[in-house]
Amino acid sequence: MKIKSIRSRVYRWTGPTAAPRSNLSASAMDALSGLGDSMSSFRFHEWLICEVETDDGIVGIGNCALAPRIAKPIIDAYLAPLVIGCDPFDVEAIWQKMYRSTIAWGRKGIGMAAISAIDIALWDIMGKAVGKPVFKLLGGRTKEAIPVYASKLYSQPLDSLAAEAKRYLDEGFTMMKLRFGWGPRDGAAGMRKNIDLIRTVREVVGDDVDIMIECYMGWTVDYAERILPRLEEFRPRWLEEPVLPDDIAGYSFLRRKSPIPISGGEHEFTLFGFKQLLDAEAVSVIQYDTNRVGGITAAQKINMLAEAYQVPVIPHAGQMHNYHLTMANLNCPISEFFPVNEVEVGNELFYYLFEGDPLPERGFINLSDDVPGLGITLSDKHLASFEVIE
Ligand SMILES: O=C(O)[C@H](O)[C@H](O)[C@@H](O)CO
Ligand SMILES: [Mg+2]
């Protein structure tokens, strides 16, 4: 079996989107306060889809969502020529070829997202070729079903926040993640507003629900050190991405200072990036995204390393490229689930692009033992709401 062709397309959402709201979430751009919409970097309304076809007609589907219009020429100009003609089952050699040939500029960020898209497609091909779901190639079924946490609860007026949390509770979720909307630039008043958010959700859901909190790289170590003691009474399961991903020392400091677990990793790349985090004892939970980190090949290596450190892996986002890894690894206890909604930030776009992603039932999702590959197909249901860039 040989790889015959690679087709990459960028799908740009042109349909209706929820009006952007200020303070939807803290973010790294907040530090530049007063310089325009700090939420602009928080909208992901494009997606790259990569179809790898073999000489016997099997088509594997890969994807990435970071800067798709940049990932596309990387795939077309740099990676595809390396990969065409290879045996898709030689996935490790292909990964090393893509990594080492772009090592000067691609080992982190968009280069690795482009590599991820091709790698995910290769695993889809391998599953389809042997008639097995991808998780059966990675270690098989480790769970009867995957517990998922509802992940939205963006910062909003307390009454609507309470109503959203109640909805997830009534749908049977026992875990949910909220986003803080304020940070250092908002002073003591903003810190109180953040505390009001988690207090509101805790009051709605009671003590038997895990609440995760997220501030998307929007804080400083100083701010986090001051707010963390005030969050302890609400017993968050983790505080996510408190500071910049490059501030590994900051992560380690906060982990030592607070009993609240600190999570991160959705903006880290490759096995080597996560070795750094683990050696620095920077995170209590690893959260790579398979369509960023280096694909399934890299993600599975990180899973092995994380297991040696007994640090759990809970990938960023749901989506099949992550679910298969969670299913195949005991050290991946749960998954994130983005509720199906109108397009807002863009995490929801996956549902408008693909068919096959499982929907939760009473807080669990499941994968079929009988659907080969990743188990997704391209959807044409919302095609009219996308501009497709070939
Ligand atoms: O953890 C997450 O889901 C992410 O950090 C953010 O929410 C991002 O995906 C934008 O929603
Ligand atoms: Mg996050």
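A compact table of results
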{"read-out": "Two-decimal ratio, region 49-156, of alpha-carbon radius of gyration to 2.2 N^0.38 Å", "value": "1.22"}
{"read-out": "Average accessible area per residue (Å²) across the chain - probe 1.4 Å, nucleic acids and ligands excluded", "value": "38 Å²"}
{"read-out": "GNM top mover of PHE337, PHE135, PHE354 - the chain, alpha-carbon springs below 10 Å", "value": "PHE354"}
{"read-out": "Whole-number Å³ per residue for the convex hull built on Cα positions in the chain", "value": "132 Å³"}
{"read-out": "Cα-based equivalent ellipsoid, region 180-252: semi-axes from gyration tensor eigenvalues, Å", "value": "21, 14, 9"}
{"read-out": "Globularity index of region 93-203, i.e. its alpha-carbon radius of gyration over 2.2 N^0.38 Å", "value": "1.62"}
{"read-out": "Helix-derived mean residue ellipticity, 222 nm - over the chain, DSSP H n ≥ 4, -39500 (n - 2.57), to 500", "value": "-11000 deg cm²/dmol"}
{"read-out": "Distance from region 137-207 to region 240-319 (C-alpha centre basis), Å", "value": "20 Å"}
{"read-out": "Out-of-range pairs (alpha-carbon distance over 21 Å; input LYS72/LYS177; LYS108/LYS301; LYS4/LYS72; LYS72/LYS152; LYS275/LYS301; LYS136/LYS177)", "value": "LYS72/LYS177; LYS72/LYS152; LYS136/LYS177"}
{"read-out": "Alpha carbon centroid spacing (whole Å) that separates region 49-111 from region 325-390", "value": "21 Å"}
{"read-out": "Environment charge of LEU374, counting only residues whose C-beta is closer than 10 Å and scoring Lys/Arg +1, Asp/Glu -1", "value": "-1"}
{"read-out": "Relative contact order of region 136-373, defined on C-alpha pairs under 8 angstrom at six or more residues apart (%)", "value": "22 percent"}
{"read-out": "FRET E, pair ARG43, ARG141, Förster distance 41 Å, beta-carbon r, rounded to 0.05", "value": "0.70"}
{"read-out": "Computed FRET value (nearest 0.05) for ASP76 with ALA188, which takes r as the C-beta separation and R₀ as 45 Å", "value": "0.35"}
{"read-out": "Relative contact order, percent, region 3-131 [alpha-carbon distance under 8 Å, six or more residues apart]", "value": "31 percent"}
{"read-out": "FRET efficiency for ALA308 and VAL130, using Cβ-Cβ distance with R0 set to 30 Å, rounded to 0.05", "value": "0.60"}
{"read-out": "Paramagnetic label zone (point 7 Å from Cα along Cα-to-C-beta, PHE89; backbone N under 20 Å) in region 1-26", "value": "1-5"}
{"read-out": "Spin-label pair GLN96/LYS2, simplified geometry with 7 Å Cα→Cβ offset, distance in nm", "value": "2.2 nm"}
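The values are calculated or read from the model by the stated rules, or taken from the named source; none is laboratory data. Please read these numbers as outputs of a predicted model, since none were measured by experiment. Don't worry about glycine lacking a Cβ; one is built from the backbone with ideal geometry, like all the others, and counts go over all protein chains shown. Protein only, heavy atoms only, side chains kept; ligands, DNA and RNA dropped before computing areas. Shrake-Rupley method; radii C 1.70, N 1.55, O 1.52, S 1.80 Å.
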